[in-house]
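The values are calculated or read from the model by the stated rules, or taken from the named source; none is laboratory data. All values derive from a computational prediction rather than experimental measurement. Positions of Cβ are backbone-derived with ideal geometry, glycine not excepted, and every protein chain shown enters the neighbour counts.
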Amino acid sequence: MTTASALRGKRVVVVNWRDLDHSQSGGAEIYAWQYARTLREGGAQVRFVTGRDAGQSARESREGIEIHRGGSRIGFNLFALLWLLRHRSGIDAVIDPACGLPSYSPLVLRRGTPAFLIVHHVHQAQFAVHFPAPVAAFGRWMERVAMRRVYRRQLTAAVSQSTATEMREQLGWTGDIRILENGADLSSYDAADAVDKDADRIVVLGRLVAHKRVDLVLDAVAAVRARPEFADRNLLVDVIGHGPESERLVAHAAALGLADKVVFHGYVSTEEKDDLLGRAAVHVCGSDAEGWGQAVIDAAASGVPTVARDVPGLRDSIRNGKSGWLVPDATDPEVVTDHLADALSTALVEAADPTTRVLRAEACLKWAHKFDWSQMRSNARDLTTEMLIGRAPALPDCHNPRDSRVAV
C-alpha cells in the first residue's frame, strides 16, 4: 500500500490550541496547518480542532479542512477532549502537537486509534515565566509525568535534535523519538541584493512574549550604541511581531533612550515582512529556548544572519559562523546582554562592507533553502501512513538529525 492510498478517505484530526487566525499565532500554528494541508491533499478527511480567540467563529471550512474552535487558553484542553470523546467513533488518527501541553487525546480515543505526539520544545522552565507557582508546578508535572505516561505507546516526534535531547534529559523520555523538522516559506531573495541592505538596520522577528526576551535584545542594542566605535552609526531596530509583551517592550525601549530608534511594526503581511527583512543587515534573537528557530530561517531566507543565544532550537537552526553567531548562554541576564552586544558589534562591523554582506547572504540562503516545507510534508505523510498501516518509512531519528547530513 502506498502513502497516498493509505491516507485516502481516512478521518484524521489535527489538534492544536491555536490556528493561523489566532491573535497569538506563530510558527507552531503554521507547522500544524501545513501538516493538516498535506493530509488533506493526500486524500484524508481532515478536521482541525483549535482554541477560539475573540471574534473567531466556532466553525468554518478552509482549503477543504473543517475547523472546530472552542475554549480559551485555559479551557481549550477540556474542549478538545470533550470534542474528541464525542466524535471518537469517526476518528481514524489524531495528530497531537504539544505547544506547552498536548491534548492528551489517548485518554478519550477508542482503543487502537493512534495518536501522533509532536513536541515543539520542552517547557519545564517556561511554566514559571507564565504562571503562578502552584499552576507552574502542575504544568511541569503534566509535561514531565502525565505526558510521558499517556503517550508511552504512541508514535512520538520532536521538531529538532535539541528538543529530542530535552525530552530525554528533562522529561525522562525513554521511547523512540523521531525528528520531524519545520519548514519555511522561502522568499525569492537574491544574495546579490545584499549590497543594498542598510548596514545599520537590525531586525527582531517573532511573537512578543516573555520567553522570547526581546528586552535583552534592546538592552544589547543600547549597549552597542554606547560604544565609541559606533558613535557615527545610526543603528535602527525593526521589531516585527505582536503579543502580550508589546506595551512593556515599548516602554522599555523608551527607558533605554531608544524610542526614536526602534519601530514596533506589530503584525505585518508576508510582503511587508519580506521587505523589512530585505533591508535588514542583522537579525537578533534573545529567546531563552526554542523548539526550532523558525524566525532564524525566515531571516536567513532574506540573506539576514542571526545573532542568538546558544540554546535549544536556535543552535539547530543556525550554522555558527556561517548563517549567524551563537553566543554562550548564562543565567545572569546582564551577562547574556554583554554576550549579545559583543556578537552584534561583530556582525555590524562586518555588515558595513557590501562585499561581505553578499557573502554572508549567500551562506544564509544556502542554509535556509534546506528547510522548505516539501521535506516536512513528505515526512509527515510517511509518518501518518506508518501509524495507519504499521509500516515504518526511512526517516531520521533523534541520533541522525538533518545537521549531520548536510554541510554549508
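Here is how the numbers come out for the structure above:
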read-out: Unique residue being assigned by TED's automatic domain parsing to the domain that holds residue 335, within 27 Å of the chain's Cα centre (by Cα), basic (Lys, Arg) and modelled with pLDDT under 95 when the list is 213, 207, 201; value: 207
read-out: Every pair of residues 6+ apart whose Cβ atoms lie under 7 Å, when the first sits in region 55-76 and is assigned by TED's automatic domain parsing to the domain that holds residue 42 while the second is in a loop (DSSP other than H, G, I, E, B) and basic (Lys, Arg); value: 58/52; 69/52; 70/52; 71/52
read-out: Test: residue 259 is touching a residue at least 60 places away in the same chain (Cβ under 8 Å), part of a loop (DSSP other than H, G, I, E, B), in the same structural domain as residue 327 (by TED's automatic domain parsing) and surrounded by fewer than 24 Cβ atoms within 10 Å (Cβ to Cβ); value: no
read-out: Matching residues, region 338-380, being farther than 23 Å from residue 316 by Cβ and within 25 Å of the chain's Cα centre (by Cα); value: 341
read-out: Members of region 62-99 that are closer than 23 Å to residue 146 by Cα and among the hydroxyl-bearing types (Ser, Thr, Tyr); value: 72
read-out: Qualifying positions in region 77-90 - over 15 Å from residue 102 (Cα atoms) and in contact (Cβ under 8 Å) with a residue 24 or more places away in the chain; value: 87, 88, 90
read-out: Hits in region 145-173 - residues which are in contact with a Gly (Cβ under 7 Å, 6 or more places away or on another chain), part of a helix (DSSP H, G or I) and under 22 Å from residue 94 (Cβ atoms); value: 148, 163
read-out: Yes/no for residue 194 being within 21 Å of residue 363 (Cβ to Cβ) and part of a helix (DSSP H, G or I); value: yes
read-out: Hey, residue 310 surrounded by fewer than 24 Cβ atoms within 10 Å (Cβ to Cβ) and modelled with pLDDT under 95 or not; value: no
read-out: Scan of region 104-122 for residues that are farther than 14 Å from residue 89 by Cα, in a loop (DSSP other than H, G, I, E, B) and at pLDDT 95 or above, ordered by number; value: 104
read-out: Search result, residues across region 36-58 that are crowded, with 23+ Cβ neighbours inside 10 Å and of a type in the set (S, T, N, Q); value: 50
read-out: Qualifying residue in region 248-255 (condition: touching a helix residue (DSSP H, G or I) at 6+ places or on another chain (Cβ under 7 Å), farther than 21 Å from residue 293 by Cβ and either of a type in the set (D, E, K, R) or not assigned by TED's automatic domain parsing to the domain that holds residue 360 (or both)); value: no
